[in-house]
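Throughout, read-outs are computed from the coordinates displayed, never taken from laboratory work. Just so you know, these numbers come straight off a predicted model, no measurement behind them. A quick note on method: Cβ atoms are made from the backbone with ideal geometry, for glycine too, and the neighbour counts reach across all protein chains shown.
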Amino acid sequence: MYSACVVPFPAEVQGMAAMGYVERHGDKLPCFCQQLTVSPSPAEQATNVPVELPPFVPDNPPGGGSGSGK
């Protein structure tokens with residue numbers, strides 16, 4: 001038995017933007033896991049892990065966060 005886990009990004013996050021997004025919001029992204037059995041053959045096997053896309057979390061504008069005095 002193995003576990004296959006997937007952490008999906010919101011639909012708005014694409015390409016290289018995913019790296020920065022996961023650095024800023026990765027601790028809030030959901031993880032979906034599914035147990036599966038890997039057989040000795042065939043050499044290539046496939047599975048599906050059902051996920052729900054999380055909502056997009058926008059970044060706070062500079063100077064607008066708590067403690068900024070604004």
- [ ] Taking 7 Å along the Cα-to-C-beta vector as the label spot, tell me the residue 48-residue 23 distance in nanometres, rounded to one decimal.
- [x] 3.6 nm
Task: Isolated Cys in the chain, by beta carbon distance under 4.7 Å - done: 31
Open item on the list: Quick check on the chain: helices-only [θ] at 222 nm, where DSSP H runs of length 4 and up contribute -39,500 (n - 2.57) each and the sum goes over total residues. Nearest 500, please.
Closed with: -3500 deg cm²/dmol
Open item on the list: Whole angstrom only: what separates the Cα centroid of region 1-17 from the Cα centroid of region 23-63?
Closed with: 4 Å
Task: Debye, to nearest 20: dipole size of the chain, +1 on Lys, Arg Cβ, -1 on Asp, Glu Cβ - done: 200 debye
